[in-house]
Amino acid sequence: MVEPPSIVSIFALLCKLNWTYRIVNRGVECHGCMESRCTGMQREIEALSRTTHGRGGGPAFASAQEVARLAGVSRSAVSRAFTPGASISPDTRAKVEAAAAELGYHVNHLARGLMRQQTGIVCLVVADIQTPYLSRLLESLSRSLQEAGKVVMVLNAGRASGNVEGALRQTLNYRADATVVLSGTPYRSIAQSCLDSGQRLVLLNRNDHLPGTVNLSVDNARAARTAATLFVRAGYKRFALVTSGIGTPSLLARRECFIATAAEAGADVTVWEGGATAYESGLQGGTALFSSDDPPDAVFAVTDLLACGVMDAVRHRFRRRVPDEVGVIGFDDIEQAGWASYDLTTFAQPVEDITDWTVRIVADGIVEGTADRVFEASLVWRSSVARAL
C-alpha cells in the first residue's frame with residue numbers, strides 16, 4: 001500500500017513549482033518564494049502536522065493555546081471567553097470564538113472539572129434495565145440530569161450482587177461527583193470509599209441506611225395495605241400473592257404488609273414465589289395457583305409485569321372472568337397496565353418526584369433539611385378489581 005505524501009513533502013513541491021500557498025489555520029503565507037526562504041514556514045507546517053495528529057496517527061483536538069495564537073490573544077482570554085460570567089470584552093470574545101470555530105476547538109470540560117475537583121459526572125448504577133419501570137426511571141433521570149448540565153454514565157450492574165461493587169469502583173476511577181444506585185445494595189466498605197472521595201451517594205428503594213448516603217424510597221407498605229383492603233371491601237375471600245424470587249427490599253415490603261393486612265381481616269394468603277420479575281413468572285404463577293383444588297379469587301402481584309402474566313393465565317388458560325370471578329392488582333403503573341387488554345388496577349411509581357428530588361441532591365448540591373424522602377405510590381383505579389360492595 002502506497003503511503004500518502006506528508007504535509008512537508010507537499011509543501012516542498014508547491015514551493016518548487018513557485019505556487020502561492022497559504023496555511024489558513026496558522027495565518028502564515030508563502031507567496032511564490034524560493035525554497036530557501038521558506039524554512040520558517042516549513043517549521044510551522046511541521047508543527048501543524050504534529051498537533052493535528054494524535055499519538056495513534058488519528059486526528060487530535062485543537063488546544064486553547066492554538067486558539068489563543070490564531071486569535072492573537074492570551075491563553076487566559078480564551079479561558080475567560082468560555083467561562084460563563086467571566087470578564088472579557090465583546091471584541092476579544094468574538095476573536096476567540098471565530099478562531100475556535102476555525103480550528104474546531106471545544107472546551108475540555110473533563111480537564112477543567114478535574115482542576116476544580118468536580119467532573120460533573122453522575123453515574124447511574126442499574127440492573128434489569130429492560131424492565132418497563134426501571135427503563136422509564138433511567139430515561140427520566142438521565143434526561144433531567146443532562147438538562148441540569150451533568151454528564152451521565154450508565155453502569156449496568158446485571159443481576160449478580162457483586163456487580164454493584166464493581167460498578168461503584170468504576171465511579172471512583174472516573175472521579176464521579178455523584179452516584180445513584182437504582183438496583184442492589186452496596187457493601188458498607190465500598191460505599192464509604194465513595195463518600196470519602198467526595199461523592200454523593202443516593203440509594204433508591206434500599207432498606208440499608210448507610211451513614212452519609214441519601215435514601216429515597218416508595219411507601220410500599222402503605223400500597224400493599226391498600227391492596228388488601230380493596231380486596232376485602234370488594235368481597236373477595238381467597239387471597240393470593242405472586243412475587244419473583246429476586247427478593248429486593250421493595251418486593252419484600254409489599255409481600256409482608258399485604259399478608260399482614262389480610263391476616264388482620266381474617267384472610268389467609270397463598271404465596272407463589274419464583275423466577276425473575278417478569279411476565280413469564282406471572283404466567284407461571286397464575287397457572288400454578290389456578291390449577292389447585294381451591295384457587296384464589298383475588299391476586300396481588302407485586303409488579304405489573306407479574307400481574308399481566310397472572311391475568312393472561314386466569315383468562316386464557318382457565319376461562320375465568322376478571323374482575324367478576326377474580327380480582328387482580330399490580331404495582332408500578334407501567335404502560336402495559338393501561339392497555340385496554342389489561343386495564344389493570346395498580347399503584348403508580350412516583351418517577352417524576354424521584355427524578356426531581358434526585359436532581360436537586362446531585363445538581364444543586366444542598367437541600368433544605370434531611371435529603372432522605374419516602375414518596376407515595378398513588379392508587380390507579382381501573383377495571384381489574386370489582387367495586388366495593
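Overview of values
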quantity: Accessible surface of Asp332 - all protein chains present, 1.4 Å probe, nearest 10 Å²; calculated: 20 Å²
quantity: Interchain or long-range residues, amide H under 5 Å from Val218's placed H; calculated: Asn205, Phe375
quantity: Solvent accessible area, Å² - Ser378, 1.4 Å probe, full protein context; calculated: 60 Å²
quantity: Low-density loop positions, trypsin sites (Lys or Arg not before Pro), the stretch 277-377 - DSSP coil, at most 11 other Cβ in 10 Å; calculated: Arg319, Arg321
quantity: Separation of alpha-carbon centers, the stretch 191-222 and the stretch 302-354, rounded to whole Å; calculated: 30 Å
quantity: Exposure of Ser341 as accessible area (Å², to 10), given a probe of 1.4 Å and all protein chains; calculated: 60 Å²
quantity: For the stretch 311-316, 3J(HN,Hα) per residue [Karplus equation, 6.51 cos²θ - 1.76 cosθ + 1.60, θ = phi - 60°, Hz, x = Gly/Pro]; calculated: 4, 5, 5, 4, 7, 9
quantity: Residue order for Val181, Val374, Val269 - accessible surface, 1.4 angstrom probe, largest first; calculated: Val374, Val269, Val181
quantity: The stretch 288-339 - percent of accessible surface contributed by carbon and sulfur, probe 1.4 Å; calculated: 41 percent
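The values are calculated or read from the model by the stated rules, or taken from the named source; none is laboratory data. Just so it is clear, the structure is predicted and the values come from calculations on it, not from any experiment. Heads up, the Cβs are rebuilt from the backbone with ideal geometry, glycines too, and the neighbour counts pull from every protein chain shown. Please note that ligands, DNA and RNA were not included when accessible areas were found on the heavy atoms of the full protein model with its side chains. Shrake-Rupley method; radii C 1.70, N 1.55, O 1.52, S 1.80 Å.
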